[in-house]
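These notes are about the structure you will find just below.
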Number of protein chains: 2
Amino acid sequence: MPRIAYFGPQGTFTEQAAGSLAGQGDELVPVDTIASALASVRAGETDAACVPVENSVEGAVPATMDALADGEPVTAVAEAVLPVRFTVLTGQDTEQIRTVASHPHALAQVRGWLAEHLPQAQLVASTSTAAAAVGVQRGEFDAAVTAPVAVTHYPLRVLATDVADVPDAVTRFLLLRRPATPPPPTGADRTSIIAFMPDRTAALAEVLNELAVRGISLTRLDARPTKGRLGEYRFHLDMAGHIAEQRIGDALAALHRRCTNVRFLGSFPRADGVPSTVSATAGDTDFVTAADWVAAIRNGDQA
Amino acid sequence: MPRIAYFGPQGTFTEQAAGSLAGQGDELVPVDTIASALASVRAGETDAACVPVENSVEGAVPATMDALADGEPVTAVAEAVLPVRFTVLTGQDTEQIRTVASHPHALAQVRGWLAEHLPQAQLVASTSTAAAAVGVQRGEFDAAVTAPVAVTHYPLRVLATDVADVPDAVTRFLLLRRPATPPPPTGADRTSIIAFMPDRTAALAEVLNELAVRGISLTRLDARPTKGRLGEYRFHLDMAGHIAEQRIGDALAALHRRCTNVRFLGSFPRADGVPSTVSATAGDTDFVTAADWVAAIRNGDQA
């Protein structure tokens, strides 16, 4: 039975995303940290890992960026996008709620709601949204801000659902495996890489030009500082398209020449289903015809 | 007497940064949020504002990026870089510490130290590192993780200093004023802008090319998602150089043609004192000589 490690515990948004990406009968295995989810896949203890990668309000998830950049390569085979809408669970009458616990990022995203509805409550940082629910069950806190799925694990009273200060916030999750042939292209795919850049003027411009001249759209560019030193970066790039397509393969080969190192993080269907636009001169046939023409000349067979 | 608003309360890292950037006799005025610090400058209630802009581990500070992008323009005139090293203050004997409070970001950066030295303590989220110290004074918590400057405001016992899981982490702060002529160039300056980008392939590559062809080094590139929607961005760019220099002025003029909007956030001396490198063909004299040559031709005076 395939086993999927996810950044747990049970009852988090990541469990919810892992459930939506799992196949029938897959076993979901909660682990303590994002790094240990990837470590379990690398070690072959699990078949896949589900981790959050990006939030529309807060940006990239630093722990995931770091875990993807370091250690043996793993590649994404699928993504899921979940709305960030919280449920508030309690074991108390509303008037008696004195403490509200959750993960610090969750507390930050419902600060306005809490100020309006539970102004007297002290906010307590827990290690996850689900750990907050466990604390409520144990009587350590009066209420917890959790993922909707938490109520299926912890029999608490639902004080509110769909709680979010920013109504349209979403989080994107990746399903990661040990490297293998990517899933087949669908026409609406995303390719994700990390480019490690020499620290010199114009290096990033040159890399983006390799994408631009082939009509490839960036869907994300995230600069991660090297830990502990301002001004040194690696770049996480997502682009519209699949490595099986000629223009993407050609661009990645060019980046491999230009960059200190390029780590391929996967080509997989986009959760939003938006098809790639391919410019009139960058279709697969254009590349094949052009390569044939060069080969013909080299063979003394110029048309 | 000049008044400097800072993201307070008293006893935070931002107060420490504001103190290092203030002139003799300047009055430091704590305000509740980053947005209100900038609002007080925009309204003329204060002469300047000091806010955090970037951390070497966590990256950009989203509240500052948003507050700089929205509302009337303000521009940076100076920066300060502080090491992120915390002090732990308490009113208890060490064995009796059951709760430790701090800002969630601070707790995240000392998690390893707390697990080793105070493993039994529950972590409580406060609105700032200084609010945690106030809570300890009031008996609400047993210990607080604070900025070093906090001990000058709150007479508590120092349990530990120089606490940090990542030993070389630093935070950069800006001193912002209403727009005026920038401080004069020093040869080791930084220029900061926000480029609002049309959502089309190659737009960012074209912008970075305008810097690259003039030999301008990026010192930071931060993509901020538009709140609530993945895939739409504005770009915060920091570059080595001063708008008074020809190559920077020429590049910014080019960006003004290319971008939907460009917001100038200031040219000011770098805290690290690293001088700008200027390529052999991009010095001020090169630009002036070249402009004179074009003007001469237009005047029928070709040499």
(message) Taking the Cα centroid of the range A:7-25 and of the range A:37-54, what is the distance between the two, rounded to the nearest whole Å?
(response) 12
(request) Rounded to whole Hz and in sequence order, give me ³J(HN,Hα) for the range B:96-108 from the Karplus expression 6.51 cos²θ - 1.76 cosθ + 1.60, θ = phi - 60°, writing x for Gly and Pro. (result) 9, 6, 10, 10, 10, 10, 5, 4, x, 5, 5, 4, 5
(request) State the extension gain, in nm to one decimal, for the chain segment bounded by A:Thr260 and A:Ser20, taking 0.36 nm per residue of separation less the distance between their alpha-carbons. (result) 82.8 nm
(message) Using the Kirkwood radius over C-alpha pairs as Rh, can you work out the diffusion coefficient of the range B:1-78 via Stokes-Einstein at 4 °C, viscosity 1.567 mPa s, in µm² per second?
(response) 103
(request) Obtain the nm distance between the two label points defined at A:Ala69 and A:Thr285 by a simple spin-label model: each point lies 7 Å from its Cα along the Cα-to-C-beta direction. (result) 4.2
(message) Below 15 angstrom from the Cβ of B:Ser279, what's the summed charge of the other residues (Lys, Arg +1; Asp, Glu -1)?
(response) -2
(message) Please compute the Kirkwood hydrodynamic radius of the protein assembly as shown from all pairs of different C-alpha atoms, in Å with one decimal.
(response) 26.3
(request) Taking the Cβ of A:Phe13 as the centre, find all other residues whose Cβ is under 12 Å away and add up their charges (Lys, Arg: +1; Asp, Glu: -1). (result) +1
(request) Starting at the first residue of the range A:175-185, write each ³J(HN,Hα) from the Karplus equation 6.51 cos²θ - 1.76 cosθ + 1.60 with θ = phi - 60°, in whole Hz, x for Gly and Pro. (result) 9, 10, 10, 5, x, 7, 4, x, x, x, x
(request) For peptide A:54-61, compute the average count of partner chain beta-carbon atoms within 10 Å of each residue's beta-carbon. (result) 4
(message) For a quick check, take a GNM of chain A with Cα springs below 10 Å and name the residue from A:Thr289, A:Thr260, A:Thr281 with the largest mean-square fluctuation.
(response) A:Thr289
(request) Please give the solvent-accessible surface of A:Phe264 in Å², to the nearest 10, using a probe radius of 1.4 Å with every protein chain present. (result) 60
(message) Which one, B:Gly44, B:Gly25, B:Gly241, has the greatest fluctuation when you compute a Gaussian network model over chain B with C-alpha springs under 10 angstrom?
(response) B:Gly25
(message) Give me a comma-separated list of calculated 3J(HN,Hα) values for the range B:148-164, in order, Karplus coefficients 6.51, -1.76, 1.60 applied at θ = phi - 60°, integers in Hz, x for any Gly or Pro.
(response) x, 5, 4, 5, 6, 9, 10, x, 10, 7, 7, 7, 7, 10, 6, 8, 6
(request) Determine the shielding of peptide B:203-209 by partner chains: average, over its residues, the number of Cβ atoms on other chains within 10 angstrom of each Cβ. (result) 6
(message) Can you give me the long-range amide H partners of B:Val84? Hydrogens built in the peptide plane at 1.01 Å from N, cutoff under 5 Å, separation of 5 or more residues or another chain.
(response) B:Ala169, B:Val170, B:Thr171
(request) For the range A:26-157, just list the percent of Cα-Cα distances falling in each 5 Å bin from zero outward, please. (result) 2, 10, 18, 20, 17, 13, 11, 6, 3, 1, 0
(request) Tell me what chain A gives for mean residue ellipticity at 222 nm when only DSSP H runs of n ≥ 4 count, each as -39,500 (n - 2.57), the sum divided by the residue total, rounded to 500 deg cm²/dmol. (result) -8000 deg cm²/dmol
(message) Based on the alpha-carbon set only, what is the convex hull volume of the range A:86-163 divided per residue, in Å³?
(response) 72
(request) Calculate the mean, over all residues of peptide A:292-302, of how many other protein chain Cβ atoms lie within 10 angstrom of the residue's Cβ. (result) 0
(request) Give the whole-number value, in cubic angstrom per residue, of the convex hull volume spanned by the C-alpha atoms of chain B. (result) 159
(message) For chain B, set up a GNM with springs between Cα atoms under 10 Å and report which of B:Val74, B:Val213, B:Val170 has the largest fluctuation.
(response) B:Val213
(message) With a 1.4 Å probe, what is the total accessible area buried between chains B and A, in Å² rounded to the nearest 100?
(response) 3200
(message) Please compute the per residue accessible area over the range A:1-160 with all protein chains in place, 1.4 Å probe, rounded to a whole number of Å².
(response) 39
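The values are calculated or read from the model by the stated rules, or taken from the named source; none is laboratory data. Every value quoted in this text rests on a predicted model; they were computed, and no experiment measured them. Note that we place each Cβ from the backbone using ideal geometry, even for glycine, and neighbour counts take in every protein chain shown. Areas reflect the complete protein model, heavy atoms only, side chains present, ligands, DNA and RNA absent. Shrake-Rupley method; radii C 1.70, N 1.55, O 1.52, S 1.80 Å.
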